[in-house]
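Everything on this sheet refers to the single structure shown next.
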Amino acid sequence: MIQRFGPSPLSQTRGRSVVCNGIVTTVATAPTKHPTLYEQAREALAVIDRNLAEVGTDKSRVLTVMVYVSDIRDKPAFNRAWDEWVDRANLPMRACLGVELEGDDLVELVATAAVSESPASAA
Amino acid sequence: MIQRFGPSPLSQTRGRSVVCNGIVTTVATAPTKHPTLYEQAREALAVIDRNLAEVGTDKSRVLTVMVYVSDIRDKPAFNRAWDEWVDRANLPMRACLGVELEGDDLVELVATAAVSESPASAA
Amino acid sequence: MIQRFGPSPLSQTRGRSVVCNGIVTTVATAPTKHPTLYEQAREALAVIDRNLAEVGTDKSRVLTVMVYVSDIRDKPAFNRAWDEWVDRANLPMRACLGVELEGDDLVELVATAAVSESPASAA
């Protein structure tokens, strides 16, 4: 009933994705700590894409995305990466909040998505 | 399996609500940027009510509410609006966090609620 | 279809846990406002354990944990408590964010977990 994918590349004691009841929840930061939010946002969204593919779904089935940025005044830079990424025929609910992130992270994402009925096997 | 409601009044590239597996997730800020948290909280909770009605549910079926305020020291003002709003026979799980919000927003809400079995049609 | 557990020890107008579709969402802070994040993290995780037990599940079935700390630079202290607590055979998805918390709280947790098919009765 629960499928777990991980551990996270950041830590041996956290998963990167978990599936239950046909819904995945997954977390991402940018693997490269680029100096601009736009670049980190593009990378973090690409990690979301990879995490979704790993569990057998894609951005057309994303339900919600929580966006955490280290400087809310820079939100337009995130929006630019978002607008390039999002599936306009399948708009997720999104909220964007300014928080403190660790180290040089400028953005962290937590997304949920529906997973097809024949799930990928856990890895 | 997924019902999407939107786009958000704030952006053409975000939804305001999404329903999957009989649960809606919805986001709200205050449409009017009143100078007090109490006033914004009342308005944001009213938006939650409207978003819930749109998908065919109401506050008696709310599961969780994440409350993000721009000044945690002002939380009692949010609590006052909450206590006026909440269905005391059906208490949601709630967490309240101080974060940076955009522009003149003093509060942002993300709520989940159960939706009845015969859902409203998506709009 | 919805089971509510509460009210929270903090307030008569909030729940501490809610179950829907076989998934519980629960919130915790440390009952004792110890001066160190490590001590508060241990206590808050113990509250999560109690809340999970109350609804008939345990940490082996935790899906996600959102960790909110009042000082992100102190995250290693949270990680130490986490590593002592987590079920390494069943890693949850986790995200950790620096936010403003109320009063002397140094950490707040919001966790989701799968609940077995024969749920405990609501209290």
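Of everything in the stretch C:17-60 that's without any contact (Cβ under 8 Å) to a residue 40 or more places away in the chain and within 18 Å of B:ARG61 (Cβ to Cβ), which residue is nearest to the chain's Cα centre (by Cα)? It comes out as C:SER17. Per the listing B:ALA113, B:ALA95, the residue uniquely farther than 26 Å from A:VAL107 by Cβ, in a strand (DSSP E or B) and within 11 Å of another protein chain (Cβ to nearest Cβ) is B:ALA113. Just one residue in the set B:VAL55, B:VAL47, B:VAL18 is in contact with a Leu (Cβ under 9 Å, 6 or more places away or on another chain) and more than 7 Å from every other protein chain (Cβ to nearest Cβ); that residue is B:VAL47.
Listed here are the residues, each with its yes/no results for (1) touching a strand residue (DSSP E or B) at 6+ places or on another chain (Cβ under 6 Å); (2) among the aliphatic types (A, V, I, L, M); (3) under 19 Å from A:THR36 (Cβ atoms).
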{"site": "A:THR64", "(1), (2), (3)": "yes, no, no"}
{"site": "A:ASP83", "(1), (2), (3)": "no, no, yes"}
{"site": "A:LEU91", "(1), (2), (3)": "yes, yes, no"}
{"site": "A:GLY98", "(1), (2), (3)": "yes, no, yes"}
{"site": "A:VAL115", "(1), (2), (3)": "yes, yes, no"}
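For B:ASP83, the requirement of being away from chain C (no Cβ under 13 Å), among the acidic types (Asp, Glu) and surrounded by fewer than 21 Cβ atoms within 10 Å (Cβ to Cβ) is not met. Here is a check on your reading of the model: is C:VAL67 within 13 Å of chain B (Cβ to nearest Cβ) and either under 12 Å from C:LEU109 (Cα atoms) or touching a helix residue (DSSP H, G or I) at 6+ places or on another chain (Cβ under 9 Å) (or both)? So C:VAL67 passes the test. One residue stands out among those in the stretch A:67-84 that are among the hydrophobic types (A, V, I, L, M, F, W, C) and part of a helix (DSSP H, G or I): the one that is nearest to B:SER17 (Cα to Cα), which is A:TRP82. Test C:THR26 against the criterion of being of a type in the set (S, T, N, Q), out of contact with any Phe, Trp or Tyr (no Cβ under 9 Å at 6 or more places or on another chain) and modelled with pLDDT of 95 or more, and give yes or no. Considered against the rule, which asks whether it is of a type in the set (S, T, N, Q), out of contact with any Phe, Trp or Tyr (no Cβ under 9 Å at 6 or more places or on another chain) and modelled with pLDDT of 95 or more, C:THR26 comes out as no.
The values are calculated or read from the model by the stated rules, or taken from the named source; none is laboratory data. Nothing here was measured: the structure is a model prediction, and the numbers come from that model. Cβ: placed from backbone, ideal geometry, glycine included. Neighbour counts: every protein chain shown.
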